[in-house]
Amino acid sequence: MTFEKLQSLVARLTAPPAPPLYKKIYGVRGDQPLQIQNWGDWLKLPLLDKDMLLNIPFQERIFASAFKADHIRVSSGTSGKLPLFCPRTYLRGMEYRLRYHDFKKPILAFGVPAMPHWHEFFQHSLGYTPRVIVFDPKNAAASVRLARIAGADSMSLFTFHIPLIGEYMRKENINERIRFIEIAGEACTRAMFEYMRNIFPNAIILPFYGSSEVEDSPIGMPCHPITGEKPLAVYHAKTSHYHELIDPESGASIESRLGAEGELVISAYPGEPSAFPLIRYRTGDMIRIVEENCKKHSTWTFTILGRVAMDFLKIPGGVLRADEMERILRLFPNEISDEFELHRFEHTTSDGPKIEAVLYVRVRKNDINLDKLAAKIASLFRVNPQRTYAEGIIEGLYLPLACRPLNSAATGKKHKRVIAH
Amino acid sequence: MTTKNELMELLIAAENEIAETPCRLFPSSFNPNDPNLTAFPRPFDWQWNSCERILRALDAHSVMARLPLFWQIESPLNAVCRKIGAILFLNEPENMPIGAAAIKSVPIHTVICEAEDARGFSLYLAEKNISPSAWFLIHRGDAAEWNIPDSIDIAESLAQEVHLFPGMPVLVQCASLIKKHSALFHISEEYAWEIAGDKTYISSVENIPFPLVKFELPFSLACREKCLCGKIIMARIQ
């Protein structure tokens with residue numbers, strides 16, 4: 001987005017008929033819109049973050065009528081914060097996918113990154129019969145069977161769904177039929193990429209970088225498919241976005257130079273209808289600039305490093321949460337303290353990539369059996385309301401939890417309790 | 001006359017044709033682990049009209065659906081919500097905390113879910129002193145009973161439907177029947193019907209990809225009086 005468009009956006013959102021949300025945040029009084037004159041004025045606009053949105057009732061955050069608002073998304077709540085419900089209109093600016101797939105045949109799609117009905121809309125806009133099979137991760141085998149019958153040759157879902165789908169598609173003998181895979185959520189690791197390359201040898205793999213709070217997803221358009229070349233996923237801004245880089249501690253702007261790292265701030269407005277236009281929203285994602293001026297897209301490109309606040313880590317079917325682990329460790333006051341580091345690794349196995357959690361604890365006694373302790377902790381440690389880590393092991397999602405003394409921890413970084421490898 | 005087993009055999013035999021047929025696919029069973037699970041082709045432009053009528057009667061302006069994703073019902077439901085101007089939220093049935101939070105904070109007016117799910121979810125909500133304004137319960141055609149959970153407050157509006165297979169409403173309610181808060185229905189206008197003794201048969205009225213022809217329902221119905229809407233009221237014979 002150009003400065004003129006940002007200027008126009010700020011003015012539009014700070015005057016009637018826009019809801020008063022941005023006026024309140026910016027302290028604008030009366031009916032006159034806020035007029036920013038230069039980049040200096042822009043940088044003075046307060047940054048918006050999830051905590052601020054959580055304090056604003058849903059009805060005050062919806063800029064479109066219910067006839068125009070398409071659906072509601074919810075943030076996963078994985079950070080331990082309250083869930084944030086976000087109004088969304090339909091996705092736009094997704095034509096880049098046509099470079100990699102024709103979408104003539106049915107697609108197997110989860111509700112993320114796009115709602116199933118949106119995939120129908122996309123196919124219909126291309127002049128094809130819309131046909132979507134909704135992927136239900138609780139009933140993956142049934143979903144894949146329907147996809148086989150439908151003749152699906154593409155899929156769009158969370159990265160962590162892939163091993164589950166891969167095995168069922170192999171059983172249904174349709175894995176080699178898949179020509180396009182769109183993955184969202186956690187970043188694709190090398191192990192996951194190699195697994196997909198093996199199971200889906202004919203598929204182009206395209207990453208999707210979005211967020212529940214960002215209506216005009218994707219936040220970043222992929223510069224190219226994932227081919228194994230590092231960094232695996234590289235993105236650039238949509239034309240309806242303006243991206244900034246800030247220091248996550250101070251909020252100060254960081255210049256978009258090659259190699260610069262910082263938190264991504266996004267301003268996004270897809271055009272009307274828009275349920276929630278964003279101005280200077282902190283994504284909570286750390287990024288690194290890969291190219292200052294990509295030849296193809298004439299803007300800087302970036303790769304995602306991880307979350308700013310890492311007190312949790314996503315795993316297939318759940319989350320490793322620091323506060324949950326702290327609660328569990330306090331159940332064993334005679335054996336260990338509540339000081340810990342929880343490390344997440346991904347290993348390649350014969351069943352695909354699997355997560356291993358390694359817990360480093362401060363032992364109070366020398367004769368503690370850490371293997372038994374690990375098994376006990378795993379049986380108590382909830383990764384989601386319906387699953388403990390131990391149940392995830394039985395389901396084949398994770399490798400057994402390992403417990404080791406904290407003095408052998410890999411990082412020694414006391415301020416980080418949950419570390420991804 | 002077509003029995004369920006015969007229908008399943010026909011559907012399985014038709015699997016190879018389905019990929020080339022413009023149609024919307026639904027699962028042939030409520031049980032995702034059914035070894036004979038196959039796809040049931042429905043008209044591509046099928047609209048969930050009974051749901052639209054119910055949501056209008058309930059005056060729903062925000063809807064939360066807690067139906068299994070594998071039912072393939074998201075797109076027809078979204079189309080209904082767009083038509084009536086209701087915003088839609090999909091809640092995984094397993095995630096009651098998020099569902100409760102949505103009812104409280106959005107707020108959600110109408111919850112659509114299976115009757116069995118409503119039992120547990122309404123109890124969970126009651127513990128938190130939260131309740132939606134309305135419920136729209138889906139009963140499975142092959143369920144032994146179609147009970148309304150006691151935990152649903154009589155003060156909350158309640159609409160019901162019976163699906164023969166996921167996404168295939170066969171017994172529906174009008175605005176008058178909704179007010180009765182009981183398991184009384186009309187047979188969907190998509191089917192002609194006949195009752196012979198304790199058996200009820202339906203036949204598709206339109207020329208569609210896979211019409212039902214004198215299909216025997218897995219439950220018995222008896223005619224009651226005529227409804228205010230002009231249609232015959234049906235009640236299940238246990």
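The values are calculated or read from the model by the stated rules, or taken from the named source; none is laboratory data. All figures in this text were calculated on a predicted structure; none of them were measured in a lab. All Cβ positions, glycine included, derive from the backbone under ideal geometry; neighbour counts span all protein chains shown. All accessible areas refer to the heavy atoms of the entire protein, side chains included, with ligands and DNA or RNA removed. Shrake-Rupley method; radii C 1.70, N 1.55, O 1.52, S 1.80 Å.
List of remarks:
- Selected residue (criterion: nearest to the other protein chains (Cβ to nearest Cβ)) from residues of the range A:354-377 that are open to solvent by less than 20 Å² (accessible area, probe 1.4 Å) and farther than 13 Å from A:PHE332 by Cβ: A:ILE355
- Here is the figure for the range B:173-210: residues that are in contact with a Cys (Cβ under 6 Å, 6 or more places away or on another chain) and of a type in the set (Ser, Thr, Tyr) total 1.
- Any hit, the range B:49-64, residues being without any contact (Cβ under 8 Å) to a residue 40 or more places away in the chain, crowded, with 20+ Cβ neighbours inside 10 Å, within 11 Å of chain A (Cβ to nearest Cβ) and within 18 Å of B:HIS163 (Cβ to Cβ): no
- Residue check for A:GLY306: of a type outside the set (D, E, K, R), under 21 Å from the mean Cα position of the chain (by Cα) and modelled with pLDDT under 85: yes
- Any hit, the range A:81-90, residues being hydrophobic (A, V, I, L, M, F, W, C), surrounded by fewer than 18 Cβ atoms within 10 Å (Cβ to Cβ), at pLDDT below 95 and closer than 30 Å to A:SER253 by Cβ: yes
- The residue that is nearest to A:HIS161 (Cα to Cα), counting only those in the range A:354-373 that are among the β-branched types (Val, Ile, Thr) and part of a strand (DSSP E or B), is A:ILE355.
- In the set (1) in contact (Cβ under 8 Å) with a residue 40 or more places away in the chain; (2) open to solvent by less than 40 Å² (accessible area, probe 1.4 Å); (3) closer than 19 Å to B:GLN47 by Cβ; (4) in contact with a strand residue (DSSP E or B) (Cβ under 6 Å, 6 or more places away or on another chain), the condition left unmet by B:PRO209 is number (2).
- Filtering the range A:38-51 for residues that are surrounded by fewer than 17 Cβ atoms within 10 Å (Cβ to Cβ), out of contact with any Ser or Thr (no Cβ under 6 Å at 6 or more places or on another chain), facing chain B (nearest Cβ under 9 Å) and without any contact (Cβ under 8 Å) to a residue 60 or more places away in the chain leaves an empty set.
- Considering only residues in the range B:82-99 that are more than 7 Å from chain A (Cβ to nearest Cβ) and crowded, with 20+ Cβ neighbours inside 10 Å, the one that is modelled with the lowest pLDDT turns out to be B:MET96.
- Any hit, the range A:67-89, residues being over 23 Å from the mean Cα position of the chain (by Cα), touching a residue at least 24 places away in the same chain (Cβ under 8 Å) and closer than 23 Å to A:SER211 by Cα: yes
- Residue within the range B:200-221 that is modelled with pLDDT under 95 and over 30 Å from B:ARG24 (Cβ atoms) present: no
- B:PHE26 satisfies every condition listed in (1) at the interface with another protein chain (Cβ under 10 Å from one of its Cβ atoms); (2) over 16 Å from the mean Cα position of the chain (by Cα) except (2).
- Taken over the range A:344-353, the residue count meeting the criterion of being open to solvent by 50 Å² or more (accessible area, probe 1.4 Å) and either among the small types (Gly, Ala, Ser) or not in a strand (DSSP E or B) (or both) is 2.
- In the range B:212-238, the residues that are more than 12 Å from B:LEU7 (Cβ to Cβ), open to solvent by 60 Å² or more (accessible area, probe 1.4 Å) and in a loop (DSSP other than H, G, I, E, B): B:LEU228, B:CYS229, B:LYS231, B:GLN238
- Qualifying residue in the range B:113-123 (condition: within 12 Å of chain A (Cβ to nearest Cβ), surrounded by fewer than 21 Cβ atoms within 10 Å (Cβ to Cβ) and either touching a residue at least 60 places away in the same chain (Cβ under 8 Å) or over 19 Å from the mean Cα position of the chain (by Cα) (or both)): no
- Residue-level check: of (1) crowded, with 18+ Cβ neighbours inside 10 Å; (2) in contact with a Leu (Cβ under 7 Å, 6 or more places away or on another chain); (3) of a type in the set (Phe, Trp, Tyr), A:TYR26 misses just (1).
- With respect to (1) open to solvent by 10 Å² or more (accessible area, probe 1.4 Å); (2) among the hydrophobic types (A, V, I, L, M, F, W, C); (3) touching a strand residue (DSSP E or B) at 6+ places or on another chain (Cβ under 7 Å), the lone exception for B:PHE26 is condition (1).
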